[in-house]
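Accompanying notes for the structure given below.
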Amino acid sequence: MDFFTNLSDKIGKKLEKGRPFHFLYSTYDAIDSFLLTPKEITTNGSHIRDAVDMKRIMITVMIALFPALLFGMWNVGHQHFLSIGEDATIWQSFGYGFLKWLPLVIVTYGSGLLVEAIFAQVRGHQIAEGFFVTGFLIPMIMPPDVPLWIVSVATIFAVLFGKEVFGGTGYNFLNPALLARAFVFFAYPSVISGDAVWISQSADVISGATPLSLVMNGSTSVLPSNWSLFIGTIPGSFGETSKIAILLGAILLIYTQVASWKIMISVIIGGLLTGTIFHATGACPILGWQHLLLGGFLFGAVFMATDPVTATHTQSGKYIYGFLIGAIAIVIRVLNKGYPEGMMLAILLMNIFAPLIDYCVIQLNIRHRKKRILRKKN
Amino acid sequence: MKKYLGPLSKDNPILVQILGVCSALAVTAQLKPAVVMALSVTIVCACANFIISLIRNTIPPRVRIIVQLLIVSALVIVVDQVLQAVVYDVSKMLSVFVGLIITNCIIMGRLEAFAMSHKPLPSLIDGLMNGLGYGLVLVIVAIFRELLGSGTLWNHPVIPQSFYEAGYLNNGLMILPPMALILVGSLIWIKNSKKSSVK
């Protein structure tokens, strides 16, 4: 270990200010602090000592994503072999899905980190760890057969216009991973919507409609059982299908306090309530709670809505924010047949409103306290 | 002379003064309507500047906006009729935006800022240059949007068929207005990053 530390220090000395290759320092610094420990540590004054830093938080989210990812890999292979009518072992299915996922994730990291590195170089910033989770999420919300160049274009667009334009990690007001998906959804609708894209290289005879689009088309009679919706053996993207794997991730996130349980709970309540109302009025054939098992609702609630940068920061704001995400997602799903994946649009919309919600909550609190002071004075 | 070339780059109405953005977003999905729109605005801006400058000393200051509007709207009606007669299909595509040239801030701005206080010939050149500066941005944005959004330029297919066979797809977002805003924003970004005087 000492060998590496010394080696890294040696390289760092060569890139110090005044040296000819100083402009590469930010790249060096990013690699160094990712692999080893950060160089700058507070030395004086009292401060809270805690092991949690940005890197630790990001790694926790990635670990929480693993159950859904591993299941998704198997499921992509499973759906593929099912559709062409071949029997396959678990490992064959898993291997197939892994080979589908690997190029996606390489392309995402490659193009995203390229943009980040260019901006870090030009602005003299450090490369922040923020992209590691974004780059991990993007392949999980894409269809398995999406062309790689589209993933690359979408990632570059999302990092450039969703994040770097506003100042980089921590300053973005839109979730970059969802922005990448929204970009693909509006720019290249043929690769991400319809019935043909959700099973990898399926045979033509089999309709690869996701359960969500079955509901949208009104064909609820051929809907898979609630149990398989919950387990996740349904066509879909890598991350979204298995609700049980997502719940495992959610437990880890809540236990480590990385993601806010308030947002998760209120998204689910919002969705349940709206779904029930639509069912009661006859606008939607399925029950309220079944909405939670369809599409990317749960994945969005656990991993997307809780993004600490783009969500609301005030505690009571989190309830409002989450509730509106759940409600709007179901409203879009039920009322607009063209946009089955309402969760993505609902989260992006509420991302924009999050600062406003925070502002209102804070102002209300200020007014409330002012009144209390005045009452005491009198 | 340098003063008159300003609108093309240094004082560009869209990129620096951020005027006339609405129509720039609306008509740039294809190159042809963008060019027609750019020409219409240029003609209206130049003629209005010239006419207002001719009568600038006789306009009572209190009603000058109304007089300016009258002249601009008269010119816009003429342009609209000409467009309908000559290029009917493009006129249909532009629809309401030809009529809305009246409210284009660039024209009102130049009338107030330049024509009211300058001689006719300089005013004519100023109007022309501002119209061209507006048109320049329109054409740049429209080239990107039509090329990437529809794969054509001036309605001629530009991107070879072999690209599509290799899996290339047109970017549907380019045809939608949000992408026009992002493109104009990017142009402003490029411009500001080049010019160090804007801080």
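Every number in this text was worked out from the coordinates using simple rules, so none of it is lab data. Everything quoted here is computed from the prediction, not taken from an experiment. Virtual Cβ from ideal backbone geometry, glycine too; neighbours counted across all protein chains shown.
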Selected from B:L138, B:L169, B:L94 as most flexible by GNM, with chain B as the system and alpha-carbon contacts under 10 Å: B:L169
Per-residue mean of C-beta atoms belonging to partner chains within 10 Å, peptide B:172-178: 3
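Mind checking segment A:294-378 for trypsin sites (Lys or Arg not before Pro) that DSSP puts in a loop (not H, G, I, E or B) and that have at most 13 other Cβ atoms within 10 Å?
Values: sites: A:K318, A:R333, A:K337, A:R367, A:R369, A:K370, A:K371, A:R372, A:R375, A:K376, A:K377; in loops: A:K337.
Here the sparse-neighbourhood loop sites are A:K337.
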Ranked A:I231, A:I362, criterion: other C-beta atoms within 10 Å, fewest first: A:I362, A:I231
Per-residue ³J(HN,Hα) for segment A:74-91, Karplus 6.51 cos²θ - 1.76 cosθ + 1.60, θ = phi - 60°, Hz, x for Gly and Pro: 4, 5, 4, x, 4, 5, 5, 5, 5, 6, 8, x, 10, 7, 9, 6, 4, 6
Along chain A, longest interval not containing exposed GluC sites (Glu not before Pro), exposed being DSSP loop plus at most 16 other Cβ atoms within 10 Å: A:87-378
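Counting other Cβ atoms within 10 Å, which chymotrypsin sites (Phe, Trp or Tyr not before Pro) in segment B:96-158 have at most 14 and lie in a DSSP loop?
Values: sites: B:F97, B:F114, B:Y134, B:F144, B:W154; in loops: B:F114, B:W154.
Of the chymotrypsin sites (Phe, Trp or Tyr not before Pro), the ones in loops of segment B:96-158 whose Cβ has at most 14 other Cβ atoms within 10 Å are B:W154.
Listed here are the pairs A:K163/A:K243; A:K100/A:K243; A:K55/A:K163; B:K32/B:K119; which of them are more than 23 Å apart at the Cα? If you can, show how the numbers build up before the last one.
On the way: A:K163/A:K243 29 Å; A:K100/A:K243 21 Å; A:K55/A:K163 18 Å; B:K32/B:K119 34 Å.
Distance filter (> 23 Å) returns A:K163/A:K243; B:K32/B:K119.
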Principal-axis tilt of helix B:64-86 within chain B, Cα atoms, nearest 10 degrees: 40
Value of [θ]222 nm, deg cm²/dmol, for chain B, DSSP H segments ≥ 4, -39500 (n - 2.57) each, nearest 500: -21000 deg cm²/dmol
Of A:G12, A:G112, A:G130, the one that fluctuates the most in a GNM where chain A has Cα springs shorter than 10 Å: A:G12
Folded to 0 to 90 degrees: helix B:120-150 orientation relative to chain B principal axis, Cα: 10
Backbone HN-Hα couplings from phi across segment A:338-347 [Karplus 6.51/-1.76/1.60, Hz, Gly and Pro as x]: x, 10, x, 8, x, 4, 4, 5, 5, 5
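Order B:86-93, A:246-253, B:156-163 from most to least packed using the mean count of other Cβ atoms within 10 Å.
On the way: B:86-93: 13.8, A:246-253: 19.6, B:156-163: 10.5.
Result, highest mean first: A:246-253, B:86-93, B:156-163.
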Calculated from backbone phi, Karplus (6.51, -1.76, 1.60) coupling profile of segment B:39-52 in Hz, x at Gly/Pro: 5, 4, 5, 4, 5, 4, 5, 5, 5, 4, 4, 4, 5, 4
Residue mean of other protein chain beta carbons inside 10 Å, A:160-170: 1
Intensity falloff of the protein assembly as shown expressed as log10 I(q)/I(0), Debye formula with alpha-carbon point scatterers, at q = 0.10 Å⁻¹: -1.02
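Counting only other chains, what is the mean number of Cβ atoms within 10 angstrom of the Cβ of each residue in peptide A:180-186?
Working: counts 0, 0, 1, 3, 2, 2, 8.
Mean shielding count: 2.
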Highest-fluctuation residue, B:T42, B:T58, B:T28 considered, GNM on chain B with Cα pairs under 10 Å: B:T58
Helix-derived mean residue ellipticity, 222 nm - over chain A, DSSP H n ≥ 4, -39500 (n - 2.57), to 500: -20500 deg cm²/dmol
Per-peptide average of other Cβ atoms within 10 Å, ordering B:103-109, B:76-82 highest first: B:103-109, B:76-82
Chain B: relative contact order as a whole-number percent, Cα under 8 Å and 6+ apart: 35
Long-range amide H partners of B:L153 with built H, under 5 Å: B:V158
